[in-house]
Amino acid sequence: MTTTELHEDFTSTYGPWAVVAGGSEGVGSAFATRLARAGVHLVLIARGADALEEVGAQCREHGVEVRTLAADLTSADDVARICAATDDLEVGLLVYNAGSHSNRTDFLDSDPAAAQRVIDLNITAPLAMTRHFGARMRERRRGGILLVGSLAGHLGAAHQVVYSAAKAFSRIFSEGLWLELRDHNVHVLHLVLGVTRTPAMVRAGLNFDIPGMPVSEPDEVAAVGLAELANGPVVHIGDNASNPALRGDLDRAKVVLGSHKMLQKLTERARQRAQD
C-alpha cells in the first residue's frame, strides 16, 4: 500500500469538496491535511469548535476553502443541520471518522442512554450522511464514501459490547453499499484500524509498547485510506491484516479470549492511572 501523495486526478474524481466527520484531531485531521494538499475543499465536523478552527486554519494554508461545523453527531437535528449547511456544495467525498468508544462498562451495568449514543454515533449518523451525500454522488456518477472502522468489529470484546457490534454493522453495511454503487462509479471503502496513536488514545493512557502489537500513526492511516479508496470494500491498515480475528477460525472462544488478553495489556496503564 502506498503512502505517497494523491494522484493528479484525485480532485476530479472525489472533489471539489470533501466532508470529514471527526476532523478536529488525530486521524480526521490527517485526512483533512492530505486532502487540502491535494486541492480538495473541506467541510470539517466535530464537537469542538476551537480545535476544528485550528485544523481549518492549517488546511487553508494550502489554498483551499474550509468550512467548520461544530456539531454533535449523536443528535439527529445536528446531522440534519450538517446536510442542510452543505446543500450548496458539490461534495465528492465523505470521510466518516467519528465513532470513538466512550462507554467502557459492562453492558448490563451500562447506562442505556450511553449505549444509544454509541449506536447513534457509529450507525445512525453515518447511515443518514451516507444516504444524503451518496445519493448525489450516484446521480453525478462519481465520488467516494470512506467509513473508518475498527478491528473491534471483527469480534466481541468485554466493556465495549455495543461498540464492537456497531463496528461490525458498519463493515457489513459498507460491503453491501459497495455492491450497490460499484456500477455508478461511486467508491465505498471500510477502512479497518487497529491500535492507532491518536491524541485521544494517548490521553487515555494506553500502552503502545506491547511487543508484537502493530501500532499505526494517524498520517499513515489517512494516506492508506485515500490511496485505497477505489479498492474497497474493506482494507485493513498495515500489519493488522494478520490478526487472528480475521482468519475465520471456527473456535471463536479461542479467538475472543486471545484478543481479550491483548486488550487487557493495552489498557492496563489506563486502569492503573484511574485507580491512583
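Miscellaneous remarks
Table: residues versus (1) small (Gly, Ala, Ser); (2) open to solvent by 10 Å² or more (accessible area, probe 1.4 Å); (3) out of contact with any Ser or Thr (no Cβ under 9 Å at 6 or more places or on another chain); (4) under 19 Å from residue 177 (Cβ atoms).
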residue: 34; (1), (2), (3), (4): no, yes, yes, no
residue: 56; (1), (2), (3), (4): yes, no, no, no
residue: 72; (1), (2), (3), (4): no, yes, yes, no
residue: 88; (1), (2), (3), (4): no, yes, yes, no
residue: 95; (1), (2), (3), (4): no, no, yes, yes
residue: 105; (1), (2), (3), (4): no, yes, yes, no
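- Once segment 148-167 is narrowed to residues that are within 13 Å of the chain's Cα centre (by Cα) and of a type in the set (Gly, Ala, Ser), the residue that is farthest from residue 210 (Cα to Cα) is 166.
- Conditions (1) in contact (Cβ under 8 Å) with a residue 12 or more places away in the chain; (2) of a type in the set (Gly, Ala, Ser); (3) over 18 Å from residue 242 (Cβ atoms); number of the one not met by residue 153: (3)
- Applying the criterion of being polar (S, T, N, Q) and not in a loop (DSSP other than H, G, I, E, B) to the residues of segment 137-182, the residue that is surrounded by the most Cβ atoms within 10 Å (Cβ to Cβ) is 150.
- Residue count for segment 183-205, restricted to those that are more than 15 Å from the chain's Cα centre (by Cα), touching a residue at least 24 places away in the same chain (Cβ under 8 Å) and surrounded by fewer than 21 Cβ atoms within 10 Å (Cβ to Cβ): 4.
- Test set (1) on the phi > 0 side of the Ramachandran plot; (2) open to solvent by 20 Å² or more (accessible area, probe 1.4 Å) - residue 99 fails condition number: (2)
- Members of segment 81-134 found to be part of a loop (DSSP other than H, G, I, E, B), within 19 Å of residue 163 (Cβ to Cβ) and either modelled with pLDDT of 95 or more or within 17 Å of the chain's Cα centre (by Cα) (or both), listed by number: 97, 98, 99, 100, 101, 102
- Among the residues of segment 239-254, those identified as within 24 Å of the chain's Cα centre (by Cα) and at pLDDT below 70 are 244, 245, 246, 247, 248.
- Residue count for segment 1-20, restricted to those that are open to solvent by 10 Å² or more (accessible area, probe 1.4 Å) and either within 13 Å of residue 97 (Cα to Cα) or of a type in the set (Asp, Glu) (or both): 3
- Residue match in segment 116-131 (condition: of a type in the set (A, V, I, L, M, F, W, C), surrounded by fewer than 18 Cβ atoms within 10 Å (Cβ to Cβ) and free of Cβ contacts under 8 Å to residues at least 24 places away in the same chain): no
- Among (1) assigned to a helix (DSSP H, G or I); (2) open to solvent by less than 40 Å² (accessible area, probe 1.4 Å); (3) in contact with a Pro (Cβ under 9 Å, 6 or more places away or on another chain); (4) in contact (Cβ under 8 Å) with a residue 12 or more places away in the chain, the one test that residue 221 misses: (3)
- Check on residue 23, open to solvent by 10 Å² or more (accessible area, probe 1.4 Å) and not hydrophobic (A, V, I, L, M, F, W, C): no
The values are calculated or read from the model by the stated rules, or taken from the named source; none is laboratory data. What you are looking at is a predicted structure, and each value in this text was computed from that prediction instead of being measured. Cβ atoms come from the backbone with ideal geometry, glycine included; neighbour counts cover every protein chain shown. Note: areas computed on protein heavy atoms with side chains; ligands, DNA, RNA excluded. Shrake-Rupley method; radii C 1.70, N 1.55, O 1.52, S 1.80 Å.
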